[in-house]
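Chemist: Right, I'll just put the structure down here and ask away after.
The values are calculated or read from the model by the stated rules, or taken from the named source; none is laboratory data. Just so it is clear, the model here is predicted, and its values are computed rather than measured. Positions of Cβ are backbone-derived with ideal geometry, glycine not excepted, and every protein chain shown enters the neighbour counts. Protein only, heavy atoms only, side chains kept; ligands, DNA and RNA dropped before computing areas. Shrake-Rupley method; radii C 1.70, N 1.55, O 1.52, S 1.80 Å.
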Amino acid sequence: MRKSTVQQSDVNADVVRQLIAKNTESQFMAYFQEKLKDVYCPLHGSIPEIKLIQEPGGYSVDLLNDCCATFTALCAEKIK
């Protein structure tokens, strides 16, 4: 008779989903930060500070420091 040495454990599906979501969010954040790496406001010298907002079907990006319309447009163009 064979006996397995692999431990049986209950997998919490909610925890797995949360870990996957957190990993996905980190990947998106890194992607957008890379796209905005060399962007700065020509008028104020600001660099983009962003936040991801989870939406049905994905994420949107919120520019936290939209100091002027020029800077906001510049960031939006880089994110496209």
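Chemist: Would you say N12 is at pLDDT below 80 and open to solvent by less than 90 Å² (accessible area, probe 1.4 Å)?
Modeler: It is true that N12 is at pLDDT below 80 and open to solvent by less than 90 Å² (accessible area, probe 1.4 Å).
Chemist: Still on this structure: Just give me the residues in segment 14-32 being closer than 22 Å to L64 by Cα and of a type in the set (D, E), in sequence order.
Modeler: Hit for segment 14-32 is E25, nothing else.
Chemist: What residue, among those in segment 43-61 that are in contact (Cβ under 8 Å) with a residue 12 or more places away in the chain and assigned to a strand (DSSP E or B), is surrounded by the most Cβ atoms within 10 Å (Cβ to Cβ)?
Modeler: The qualifying residue surrounded by the most Cβ atoms within 10 Å (Cβ to Cβ) is V61.
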